[in-house]
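In what follows, a structure is listed as structure tokens, so that the remarks can point back to it.
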Amino acid sequence: MNQRELIVQPHFLLSFLIACSLAGCGGGGGGSGGGGAISLQSLTIAPNAIELPYGFTLQLSATGHYSDSTTKNLTAEATWSSSIPAVADVSDAAADKGLLTGVALGTAAITASFGGVSGLRNAHVIEPVLAEIEISPSSLQMAVGATEPFTCRAHYVGGYSRSITTDVHWSTSDAQVATISNANATAGETTGVGIGDCQIGASFEGFDDLVAVTVIAVEILDPNVAASKDATAPR
């Protein structure tokens, strides 16, 4: 290497370093080159269409949509509110966030908010439309002297249901075979009176349901059990 080359090389190296610094050479370079932080873009409430009979509840959910195309369930983290709680009230309590209650006929706007982003959905509170009532169990075999409970549910249009065991009028087709209670504390309890078959019925707002009851004699081998009259036939 001659003297001329030794003089030129340092200048070339210095120029290269300056140019590289201005151009951002060096490969790694911190976190500014890969785009901004992931952010919440929108929030949606489900279901999309809300029609809730008054007197019933419906669990709503909130989903966050982020800038990287991911989603997250924000139901428990969002703040919930209703424009008219006297029509449709939504809970913001930690135990039941997003639980909607139909209070009275009308429409209210339900809002879920998180991180400065909000989603809104209209809730329409409608009249409950009864579709049928149903007694459970659908049939029963029991022993003379035994007592068994029946329950009854009302099923409404839209898939809603509630217990009406204490609201229906209970009846029996043959009180000599089985009786049924209409007293509030014991509503739906049937007692086997005599051997035979009968029907137990329930009536509510013009709807009826019937179930078959068979009362049989059970031979009790233990006299200590006989005194209690609590034997039941196998089902």
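Put a plus charge on the Cβ of each Lys and Arg, a minus charge on the Cβ of each Asp and Glu, and nothing anywhere else: the dipole of the range 49-117 about its Cα centre is then about 20 debye. Applying 1/(1 + (r/R0)^6) with R0 = 25 Å to the Cβ-Cβ distance of Q176 and S139, what FRET efficiency is obtained, to the nearest 0.05? Computed FRET efficiency for Q176 and S139: 0.80.
If you bin all the Cα-Cα distances of the range 127-209 at 5 Å, starting from zero, the percentages per bin are 3, 16, 26, 23, 15, 9, 5, 2, 1.
Remark: the D167-T57 segment gains 37.6 nm on full extension, using 0.36 nm per residue and subtracting the alpha carbon distance.
In this rough spin-label picture, where each label sits 7 Å from Cα along the Cβ direction, the S81-F204 distance is 3.8 nm. Of the residues V168, V129, the one with the largest accessible area comes first in the ranking V129, V168, computed with a 1.4 Å probe on protein heavy atoms. With the biggest extent put first, the Cα atoms of the range 30-97 measure 57, 23, 19 Å across the principal axes.
The values are calculated or read from the model by the stated rules, or taken from the named source; none is laboratory data. All of these numbers come straight from a predicted model, not from anything done at the bench. Virtual Cβ from ideal backbone geometry, glycine too; neighbours counted across all protein chains shown. The area values use the complete protein model at the heavy-atom level, side chains included, leaving out ligands, DNA and RNA. Shrake-Rupley method; radii C 1.70, N 1.55, O 1.52, S 1.80 Å.
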